[in-house]
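A short write-up of the structure that comes next.
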Amino acid sequence: MTQTLPEISPTGAAVRTVDAVVIGAGFSGMYMLHRLRQQGLTVQVFELADGVGGTWHWNRYPGARCDVRSMEYSYSFDPDLEQEWQWSEKYPTQPEILRYANHVADRYDLRRDIQFETRVESTVWDDEAERWTVRTDRGEVLSAKFVVHASGCLSIYKTPEIPGLESFSGPWYHTARWPREGVDFSGQRVGIIGTGSSAIQSIPVIAAQAADLTVFQRTPNFAVPAHNHEFPPGYQEEMKAHYPEFRQDARTSMLGIPHPPAEKGALEDDPEARRRRYEKAWHDKDNTLVDLMAAYTDMLTDKEANDTAAEFVRERIREIVKDPETAEALCPKDYPIGTKRICVHTDYYETYNRDNVHLVDLRKTPLVEITRDGVRTTEQEFRFDALVLATGFDAQTGALTSMDIRGRAGLQLKEHWDEGPRSYLGIAVANFPNMFIITGPQSPSVLSNMMVSIEQHVEWVSDAIQYVQEHDLRTIEATPEAEESWVEHNAEVGNSTLFPTANSWYMGSNVEGKPRVFMPYIGGVGPYRERCDEVAAKDYEGFVLAG
Ligand code: NA7
């Protein structure tokens, strides 16, 4: 199966031949490696970081936690692993998830096939050899039959689009590149730009330490209380006794998080009954971020229905935040709830009642520049000892378009995606044979419990690769027609919801110049899985298999 003939690349470096190159050693890349190795393939994983864990390696900011419950944000592929691993609380912290990732790497002896601190610079399809040529920043050249991009949906971080960051005289930290040794803000005046999930988690923790914290908010977010807690005795054992059923429910659910299906529209309930449902979603200590939106069938399709939940949250914000002007500024009003990712918070709104925390509403006084001493808005200059940037990511496509990926006849993926991502099932791209993307755009990805979607993709891709190998095929490639019809279907399903009405990173609208297209697939994790299985069962319908 493996060719090991030594060759010399045009640059003089020895070309190493492997069956598959996997890019990224987060939860996708690690499981991909495990599966492909079990199938007897030679695999090389490249990872930019010096350790495994992907997003959980990089996002070490104070208060970083997963917003999906620990016992479902974990692998299900090995019953022994899921039974033996002990989670400690409802929402796992970043260090706990990273410990889990390291445990997985050790348990399955993954590290021997992962090369850390290596950036893949290009993957280029060789039309004659019908293989990928992969080049790294260490000058290595590999020839691989398959390439799997497991580089993550939120890995290319962005800084604010204002001048002056380099002139700031103090230290600045991006939430997605937090120093490993942590940061001590004691006694400092700190400014934070952004109020997405990373900011909402870190603001209460930084506020408790810093002398003074100023939050620069462009768009307020909806956040529901985490009610995080350590597991009570017996809880984990009880969950583990029913793990297989629970996992199955997650796989067939809409968002990868089991939830009883809603039975009616929000306006079909009277206001009192509706309120009771929302109260439960808000106060229940075992609540999840999907409870509020999953209460009714039409929350993401009918603006009036959506308004009822949005107003419920705004009422809670006004109740918690004592200063009415701050409370009003924190109330999201110009997009439907759920169309920007709902955040899960611990004391976020309460933090604005502290004397050392101030909110600057950038809708009223926009940012102008970062100065030597701090931040200038149209109204005044704020002086800081340190700055925190919680300004998000070039999400979903960023890791792929920032790499030089070329398919047939030198076609660049970036060019192919000029007007928005184009894929078949979010897994494959026409003219890019033997290339797969784990949780790519146009798959449920970021609209789901990532672990469920990662496992589904890795298993589907490894099955497809096995099929190619067992049938002695050279290539598997999505047809342009299958791609076109998936792109259309994705847009049609997306456009039937309220999602396109918001300026969110789901729409690419947080990055200047990025096409405004709804990127994730909203058809639901369960139905999507069925579609993928159907494609495989029909001998990879929509793909050309060449022998
Ligand atoms: P997000 O959710 O993209 O949040 C980024 C925040 O930064 C958001 O509030 C942005 O405001 C703000 N931002 C970005 N650029 C600017 C500029 N130039 N000026 C002012 N404010 C700015 O990223 P996170 O890291 O918090 O979370 C990402 C996901 O990780 C999250 O959804 C979870 O799934 C985990 P905007 O809304 O664009 O007006």
If I take R0 = 45 Å and measure r between the Cβ atoms of Q115 and H283 in this structure, what FRET efficiency does the formula 1/(1 + (r/R0)^6) give, to the nearest 0.05?
0.40
Rank these by accessible area, largest first, 1.4 Å probe: K538, K340.
K538, K340
Protection proxy ranking of 57-63, 425-431, 144-150 - average other beta-carbon atoms within 10 Å, highest first:
144-150, 425-431, 57-63
Please calculate the 1.4 Å probe accessible area of H229, with all protein chains present, and give it to the nearest 10 Å².
40
Per the Kirkwood definition applied to all pairs of different Cα atoms, how many angstroms is the hydrodynamic radius of the stretch 131-176?
14.7
Which entries in the list K158/K414; K280/K322; K285/K340; K90/K280 go over 20 Å, if you measure between the two C-alpha atoms of each?
K280/K322; K285/K340
Expressed in angstrom and rounded, the centroid-to-centroid distance over alpha carbons for the stretch 193-271 and the stretch 289-337 is 15
Give me Rg over Rh for the stretch 256-389, both radii from the alpha carbons and Rh done the Kirkwood way, two decimal places.
1.06
In degrees, nearest 10, range 0 to 90: what is the angle between the Cα axis of helix 525-537 and the longest Cα principal axis of the chain?
10
Simple label model, 7 Å out from Cα along Cβ direction - E381 to D137, nm
3.4
Accessible solvent surface per residue of the stretch 305-457, calculated while the other protein chains remain in place, 1.4 angstrom probe, Å²:
35
Helix 450-470 axis, angle to the chain major axis (alpha carbon atoms, nearest 10°):
10
For R408 and Q38, what does the FRET efficiency come to when R0 = 41 Å and r is the distance between their Cβ atoms, rounded to the nearest 0.05?
0.85
What whole-number distance in Å separates the alpha-carbon centres of the stretch 93-119 and the stretch 142-184?
19
At each listed q (0.13, 0.16, 0.18 Å⁻¹), what is the log10 of I(q)/I(0) that the Debye formula gives for the stretch 37-109 modelled as equal alpha-carbon point scatterers?
-0.44, -0.65, -0.80
Got a number for the accessible area of Y424? Probe 1.4 Å, square angstrom, nearest 10.
10
Enter the angle in degrees (range 0 to 90, nearest 10) between the Cα long axis of helix 197-209 and the first principal axis of the Cα atoms of the chain, meaning the one along which they spread out most.
50
Please give the solvent-accessible surface of S151 in Å², to the nearest 10, using a probe radius of 1.4 Å with every protein chain present.
30
In Å, what Rg and Dmax follow from the Cα atoms of the chain?
23.7, 74
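The values are calculated or read from the model by the stated rules, or taken from the named source; none is laboratory data. No experiment lies behind these values; they were computed from the predicted model shown. Backbone-built Cβ (ideal geometry, glycine too); neighbour counts: all protein chains shown. All accessible areas refer to the heavy atoms of the entire protein, side chains included, with ligands and DNA or RNA removed. Shrake-Rupley method; radii C 1.70, N 1.55, O 1.52, S 1.80 Å.
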